[in-house]
Structure formats: structure tokens, C-alpha cells
1. Checking Leu141 against (1) of a type outside the set (Val, Ile, Thr); (2) over 23 Å from Leu75 (Cβ atoms); (3) not in a loop (DSSP other than H, G, I, E, B), which single condition isn't satisfied?
2. Identify, by number, the condition in (1) hydroxyl-bearing (Ser, Thr, Tyr); (2) over 23 Å from Gln101 (Cβ atoms); (3) under 24 Å from the mean Cα position of the chain (by Cα) that Thr149 doesn't meet.
3. Quick check on my filter: what residues within the stretch 151-181 are touching a residue at least 60 places away in the same chain (Cβ under 8 Å), assigned to a helix (DSSP H, G or I) and buried (at least 16 other Cβ atoms within 10 Å of the Cβ)?
4. Using the structure shown, decide if Val192 is outside the structural domain of Val55 (by TED's automatic domain parsing) and either touching a Lys or Arg at 6+ places or on another chain (Cβ under 8 Å) or not in a helix (DSSP H, G or I) (or both).
5. Name the single residue that is surrounded by the most Cβ atoms within 10 Å (Cβ to Cβ) among those in the stretch 30-74 being small (Gly, Ala, Ser) and closer than 16 Å to Gln101 by Cβ.
6. Count, please, the residues in the stretch 49-75 that happen to be without any contact (Cβ under 8 Å) to a residue 12 or more places away in the chain and in a helix (DSSP H, G or I).
7. Could you please find all residues in the stretch 182-213 being in contact (Cβ under 8 Å) with a residue 40 or more places away in the chain, surrounded by 12 or more Cβ atoms within 10 Å (Cβ to Cβ) and not hydrophobic (A, V, I, L, M, F, W, C)?
8. Just to check your reading of the model, which residue among Leu112, Leu140 is at pLDDT below 90 and among the aliphatic types (A, V, I, L, M)?
Amino acid sequence: MNAERALDGFLAALSAERNASRHTLDAYRRDIRDFLRVLGARRRPLAAARADDVVAWMERQRRAGRKPATIARRLAALRGLYAHLVREGAVVDNPTEHLEQPRRARPLPRTLSREAVAALVEAPDVGTPLGVRDRALLELLYACGLRATEALTLRLTDVNGRAGYVQCSGKGRKERLVPVGGEALAWLERYVDGVRPRLAAARGAPSSPLLFV
């Protein structure tokens, strides 16, 4: 499948079915071409794109300083393209299907400063196994905006450190993929590789599938 032809077909359908403006069509074209460049660098054709390709694209934008609202808009364009391709029978899987929209930054409560948040995350004594576990948990909560129950029910297999995301189940058992920042991933790796086996063994649950024990 030729990516540019697929993009042209999607934009033509968008224009005909939704009467999209020229400004919208041009923005969608720019956004999707940016994703195609990432796919090209990863040597992956449009029809074979995976969720981790989309996550890598989103993380690239975040590192470039793009705001969550901008990344969300660009992801919406890509979702539209793949929904169109699935309807047309050009692709089978939609790699954006389970990805969560980037959340707009929320102002911190007035009673909690940024310094207080940093102090909270850094409070565990990382010289102890439990401290490393708690630091990894807090970093994950802070980086992803997960609910406590979502984080505590994560399984080891839900973390894809190489691709930079976690798969979690929220309300209604709806599964979604959430990008994770580098700092949180580093603490998760330190916990999983160096601490978790000892904690699991001490609790008599060495084969537990849960991430946090």
C-alpha cells in the first residue's frame, strides 16, 4: 500500500463526507506525514504500524516541547486515517485503537506546590528495597496520571520499557496504552531488575504476575 495514496484517499473522504476545510485538510496532511517520517526511520510500512510506533511518535513530539493538546490533535488525525483504512479493508489492525489521548496539564492544587510534589515523589528511602519499590510506584503515578488501583493491578507483562508505555485497565475494564517518561522507566527498571525478585520471594509469591509486590 502506497502511504501517500492512502493519505490522499483519506483526505478526499474527509472532504466529501465531513466537508472539512482546506485548513483542516492541510493540518491533517502535515501531522500524518510527520508520523510517516517516523515509520520510515523505523523501516515500517503504514499497513504494518504498531502501537509502539505511535507511542514513539508521541514521545518524540513531547520531547520537542509540543503541548499535550497539540499531540492529542495530531493523534486524532492519525486515528482518523487508520479508522478509514480499516473501513476500506486496506489494513486489519488499527495501532491507535487502545492508545490514550494525551491529557491536558492540570494545575496543581493550591495547597500543593511543585516543590511539594517533588518532595513527595522523592520521599522514599531508596537505600532500602521497599523505598525503591515506592519510588518506582510514585514516579509511575506522577508520569502517567494513573489511578492508584490501576498502578497496583499492573502486571509485569503490562510494562513495555523498550517501547515506552504501560498497558492498564481502567473503569469498565477498558484497556489503554499510556506513554511513560524516561525517569519513571529508569526507576521501574531498577525496581524490577534489582528489588522485585527479593520482595516477591520474601512474601512467598515469587511467581506473582503483579508488577508491585
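The values are calculated or read from the model by the stated rules, or taken from the named source; none is laboratory data. Note that the coordinates shown come from a computational prediction; the quantities given were computed from them, not determined experimentally. Cβ coordinates were reconstructed from backbone atoms using ideal geometry, including for glycine residues, and neighbour counts include every protein chain displayed.
1. Result: Leu141 passes all but (2).
2. (2)
3. Answer for the stretch 151-181, where residues must be touching a residue at least 60 places away in the same chain (Cβ under 8 Å), assigned to a helix (DSSP H, G or I) and buried (at least 16 other Cβ atoms within 10 Å of the Cβ): just Ala151.
4. So Val192 fails the test.
5. Ranking the candidates gives Ala51 first.
6. Of the residues in that region, 2 qualify.
7. Result: Glu183, Arg190, Tyr191, Arg196, Arg198.
8. Leu112
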